[in-house]
DNA sequence: GGGTTATTCAAGTTGACGCTTGATAAAGCA
DNA sequence: TGCTTTATCAAGCGTCAACTTGAATAACCC
């Protein structure tokens, strides 16, 4: 039986997939103000609580939220360090792009200055 | 005929969905080093060029890349300003969370200092 | 124990993804 | 004009996401 391994790619897949739905982004935004139960989270939406429960499962799978137990509730709380992973990936990509643009600017400046060749 | 409107939610849906696949993230990383054609982008992968073409369509839909025409090729180039939208959303969420943590810290500090009530 | 409350499980529908293969279009080259 | 290259279109297949409704679980309250 293979060891349950999770690659960096799979983690980012789950993370960005979790962010790719407006209901889930809304839930994250609301959790950034503090913990909430499934019932509380489901309250504002037209959909069933079961549907919200499934959204929460996808958020939990991504690591963006974790859950506790309190009486008969399973309160959700944001795990904001995971959001940093998403920003890291994006910034890394943008960094490479910036370096390329810097090189282009340097060459353009050299061309304008020298004008020779 | 309704005007073709795109909400902020829909834009973020398309953006994060586009980022939610490792092949597409890899394509973005490679495009951050410069333009490339579909054939060039498809080269390293085991999948068909048609499959890569569909990944590119999803990236284009999100606004992350744009395309030109040159001879019989349709070169792809990164549109990095769109990546900033993703970071903006995440940072906004984290900002709210930070404020909440600051308030908690303030209250904890006050409790430790005063110790009264 | 019996009834409410909070949540999940299970099954089914609809639609979108991720891929395939085969056909088609359009530009370049002999 | 034909042959090749580049890319898309189109149909089909399997999986998964996003919901639904109904049933089950589990903790609390009388």
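Quick note: the coordinates plus some simple rules give every number you see, no bench work behind them. Not measured: the values here are computed from a predicted model. All Cβ positions, glycine included, derive from the backbone under ideal geometry; neighbour counts span all protein chains shown.
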Mind telling me which of B:92, B:35, B:79 comes out most flexible in a GNM of chain B, alpha-carbon contacts under 10 Å? B:92
Could you give me the radius of gyration and the Dmax of the protein assembly as shown, taking only the C-alpha atoms into account and expressing both in angstrom? 22.2, 78
Quick one: helix B:22-31 against the long Cα principal axis of chain B, what's the angle to the nearest 10°, folded into 0 to 90? 80
Within a Gaussian network of chain B (alpha carbon springs, distance under 10 Å), most fluctuating of B:99, B:40, B:91: B:99
Average projected area of the Cα convex hull of segment A:10-65, in nm²? 3.5
Sort shortest first the distances from residue A:79 to its counterpart in every other copy, using label points 7 Å along the Cα-to-beta-carbon line, and give them in nm. 3.4
Helical contribution to [θ] at 222 nm, DSSP H n ≥ 4, -39,500 (n - 2.57), averaged over chain A, rounded to 500: -20500 deg cm²/dmol
Using a label point 7 angstrom from Cα along Cα-to-C-beta, what distances in nm, from shortest up, separate residue B:92 from the other copies? 2.6
Give me the distance in nm between label points sitting 7 Å out from Cα along the Cα-to-Cβ direction at residue A:5 and residue B:73, one decimal. 3.6
Quick calc, residue A:37 & residue B:101: beta-carbon distance into FRET formula, R0 22 Å, rounding 0.05, result 0.60
Equivalent-ellipsoid semi-axes of chain A, from the Cα gyration tensor, Å, largest first: 44, 17, 11
Using Cα-Cα distances under 8 Å and only pairs 6 or more residues apart, what relative contact order does chain B have, in percent? 24
